[in-house]
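Structure first, commentary second.
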Amino acid sequence: MSPKLKKLDKEFENIFIVQNDLKSPISEAFRTLRTNIRFSSLDKPLKTLLITSPIPEAGKSFVSVNLALTIAQNENKVILVDADLRRPVIHKIFEGNNKPGLTNILVEDKKIEEVIRRVSGIDPNLYYIPSGPIPPNPSELLGSNKMQEVIEELQKQADLILFDSPPVIAVTDTLVLANQVNGVVLVLDVGEVSRDVAKQAKILLEKVKAKILGVILNKVDMGSEGYYYYYYYDDERKKRRSQ
């Protein structure tokens, strides 16, 4: 069965900086990140990568989407999985519907081919799986044997599987998933995340033997228009939610 083809949600269309503004400093930063990830594991190809943050609203989903697209632009098939089973957002960015999705695979034994999707107007190498219905037991599902089977099956279908996961300090969901993947990238919101909070997130990940590949500093003021972009996007989104 071919993947369902969805249209890009107009509200989030401008989030795709690496597609809409190839020459921006942010696009260049993501290409550098792509290269660093590629060379982070020379002995064994990195197939699964988890993106998380210490606290909510750090921009991890923004990073997940643009990193996935940047890697797809390099002729690699990428599957972006929304593993945030409490506050999923990937489906909103792409097309507004999270059903069926990951939880349907884990609970109802749906096939990956039944839930995987592509988006019109986006790189054909980029696929995604939404969260599915929000379950009462996210940690148990993500730490289950079934989830391990799903990860193994996904690796057969793409060059890289990228998981957008919940904040690591808020819940245990990310910790039960972190040691099942090849690497973890931590997104820090500059000005919002203290040194102590960042250290706490690092310690929690190390306790479950997660391989931390590096840290992304988000919302950095580099004195250029491009680096102010996500400030603007995030503030406007918050305004819409409060109206």
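Each value in this text was obtained by applying a stated rule to the coordinates, not by laboratory testing. Keep in mind the model is a prediction, meaning the values are calculated, not measured. Note that we place each Cβ from the backbone using ideal geometry, even for glycine, and neighbour counts take in every protein chain shown.
Local charge for Ile55 was computed over the other residues whose Cβ lies under 9 Å away, with Lys and Arg +1 and Asp and Glu -1, and equals -3. In a fully extended conformation the segment linking Phe39 and Gln157 would gain 40.3 nm over its present Cα-Cα distance, using 0.36 nm per residue. Relative protection proxy for 99-112, 53-66, from highest mean packing down: 53-66, 99-112 (other beta-carbon atoms within 10 angstrom).
Going down the list Lys44/Lys99; Lys156/Lys211; Lys99/Lys199; Lys110/Lys199; Lys47/Lys199; Lys77/Lys199, which pairs span over 30 Å between their C-alpha atoms?
Details: Lys44/Lys99 34 Å; Lys156/Lys211 21 Å; Lys99/Lys199 36 Å; Lys110/Lys199 39 Å; Lys47/Lys199 26 Å; Lys77/Lys199 33 Å.
In this structure, Lys44/Lys99; Lys99/Lys199; Lys110/Lys199; Lys77/Lys199 exceed 30 Å between Cα atoms.
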